[in-house]
Amino acid sequence: MAEILDCAIIGGGPAGLTAGLYATRGGLENVTMFEKGMPGGQITQSSEIENYPGVTGEITGMDLMMPWPEQCQKFGLKHAMVEVKRVSKDGDLFSITKGDGTTEQAHSVIVCTGSSPRRAGFAGEDEFFGRGISTCATCDGFFYKGKEVAVIGGGDTALEEALYLAKICTKVYLIHRRDTFRAAPNTIKRVEENDKIELVLNSTPKEVYGDNMGVNGLKVEDKDGNVRNIAVPGVFIFVGNDVNNQTLIQEDGSFLCDVNDQGQIVVDLSMKTSLKGLFAAGDMRIEAPKQVVSAAGDGAVAALSAISYVDELLS
Ligand code: FAD
Ligand code: NAP
């Protein structure tokens, strides 16, 4: 069995990386961040971020996150590229069960596993996922250069990514189920003023159709029941996210700590959960503003709380 970690950080997005920076720089000796992919989190899928303080000019999410891991490693944060399957607790010690079946033990855990894109739930969505249906414009937008695409959703993500796709594609149909958006006013203005974006409002996607080569089009229904056929080879879905809380589910199906009815982790202002020694930060916590800057702030708060907890536990 490996040495007991002072702190295990699960997830390497803005919250996890900042927790790693503060935990190591704040004096915890043995801290590992478990991240199943490349560190950086979901913002690395964003084509543009313009609201991270102090960062001006056009910058992609990937560019923003690039230096974060190096900064943490300078202070001793270890990175294990592995998926965590479960976090459990026996007495004062946490067990972290990894995808390869092995476990590590820790005195404290900060869970920062963020959220994942939600499916919209129309016919053909699963069948054509990855073959014309995407949840990442930065990753897949280029495949539709010089073509028309559809974007589904009416939040910040859908509108920002519609603007991004309008730079590459000849036309973007922005399909939203209501006639008002839940996005920043400046973003709504830019969308409304973009003549390559056609707003298809009060409309719900019913079916994506295609053949073995991929998507050929999308059928949407308006509130009067009229069905419109939109012939596009690419459909981008941005209809929100689900909390990644799976690592906290125990063998008997219960959660390791309190969660609300949407599965978000209940924390106090110190990012403490209902279980001693377990902290949560970023998009997965209750009332998260779902911003890079707030996820990073949460990570810092959670690490400071973990330092106090471990100091007291081991003194
Ligand atoms: P995440 O970024 O979701 O990171 C969680 C990490 O945990 C991931 O790297 C994941 O791989 C890892 N993980 C999950 N489960 C496991 C597991 N079991 N084991 C190991 N690792 C695991 N915010 C802004 O402030 N400005 C913007 O302009 C902006 N634009 C956005 C554009 C898009 C397209 C998207 C999707 C989001 C945008 N956001 C923006 C929101 C922002 O990205 C999030 O609020 C932020 O990334 C949340 O950080 P987090 O660390 O809580 O979680
Ligand atoms: P979101 O704000 O939850 O918006 C999801 C959109 O999808 C809503 O417009 C919703 O419609 C629609 N929708 C949901 N389910 C649907 C379905 N089954 N079929 C069709 N449409 C459906 O999600 P998001 O845009 O991904 O944003 C998530 C969070 O990240 C937000 O807090 C957002 O502010 C933040 N974020 C911020 C920035 C930024 O600051 N620049 C950028 C991106 C994201 P209704 O409106 O009718 O509910």
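Residues in segment 267-312 that are of a type in the set (A, V, I, L, M), surrounded by fewer than 24 Cβ atoms within 10 Å (Cβ to Cβ) and in contact with a Gly (Cβ under 7 Å, 6 or more places away or on another chain): 288, 304, 307. In segment 263-279 there is at least one residue that is closer than 30 Å to residue 51 by Cβ and within 16 Å of ligand 2 (Cβ to nearest atom). The residue of segment 132-148 that is surrounded by the most Cβ atoms within 10 Å (Cβ to Cβ), among those that are in contact with a helix residue (DSSP H, G or I) (Cβ under 6 Å, 6 or more places away or on another chain) and part of a helix (DSSP H, G or I), is 137. From the set of residues in segment 154-177 that are within 15 Å of ligand 2 (Cβ to nearest atom) and small (Gly, Ala, Ser), which is surrounded by the fewest Cβ atoms within 10 Å (Cβ to Cβ)? Residue satisfying both the conditions and the ranking: 155.
Within segment 60-107, the residues that satisfy the criterion of being farther than 15 Å from residue 40 by Cα, aliphatic (A, V, I, L, M) and touching a Ser or Thr at 6+ places or on another chain (Cβ under 9 Å) are 84, 87, 96, 106. In segment 294-309, the residues that are of a type in the set (Val, Ile, Thr) form Cβ pairs under 7 Å with partners that are crowded, with 24+ Cβ neighbours inside 10 Å and modelled with pLDDT of 95 or more, at six or more places apart or across chains, as follows: 301/271; 307/23. Within segment 120-143, residues that are in contact (Cβ under 8 Å) with a residue 12 or more places away in the chain reach partners that are hydroxyl-bearing (Ser, Thr, Tyr) and not in a loop (DSSP other than H, G, I, E, B) with beta carbons closer than 8 Å, at six or more positions or on different chains, in the pairs 122/204; 124/209; 137/164; 138/164; 140/134; 141/164. Per this entry, residue 180 is counted among residues that are in a loop (DSSP other than H, G, I, E, B) and within 10 Å of ligand 2 (Cβ to nearest atom). Restricting attention to segment 116-155, the residues being modelled with pLDDT under 95, touching a Lys or Arg at 6+ places or on another chain (Cβ under 8 Å) and within 11 Å of ligand 1 (Cβ to nearest atom) number 0.
Considering only residues in segment 234-247 that are surrounded by 18 or more Cβ atoms within 10 Å (Cβ to Cβ) and assigned to a loop (DSSP other than H, G, I, E, B), the one that is farthest from ligand 2 (Cβ to nearest atom) turns out to be 245.
Of all residue pairs spaced 6 or more apart or on separate chains, those with beta-carbon atoms under 6 Å, a first member in segment 270-281 that is over 10 Å from residue 305 (Cβ atoms) and in contact (Cβ under 8 Å) with a residue 12 or more places away in the chain and a second member that is of a type in the set (Ser, Thr, Tyr) and assigned to a loop (DSSP other than H, G, I, E, B) are 280/273.
Exactly one residue among 38, 81, 65 is surrounded by 15 or more Cβ atoms within 10 Å (Cβ to Cβ) and hydrophobic (A, V, I, L, M, F, W, C), and that residue is 65.
Inspection of segment 92-102 finds no residue satisfying the criterion of being more than 24 Å from residue 279 (Cβ to Cβ), within 16 Å of ligand 2 (Cβ to nearest atom) and without any contact (Cβ under 8 Å) to a residue 24 or more places away in the chain.
Listed by position, the strands (runs of 3 or more DSSP E) enclosed by segment 84-131 that each have at least 2 residues that are hydrophobic (A, V, I, L, M, F, W, C) are 84-90, 93-98, 103-111.
Out of 29, 3, 58, 70, one residue alone is part of a helix (DSSP H, G or I) and either more than 17 Å from the chain's Cα centre (by Cα) or surrounded by fewer than 15 Cβ atoms within 10 Å (Cβ to Cβ) (or both). It is 70.
The values are calculated or read from the model by the stated rules, or taken from the named source; none is laboratory data. Everything numeric here is computed off the predicted structure, so don't read it as measured data. Methodologically, a virtual Cβ is constructed for each residue, glycine included, from the backbone with ideal geometry; neighbour enumeration extends over all protein chains shown.
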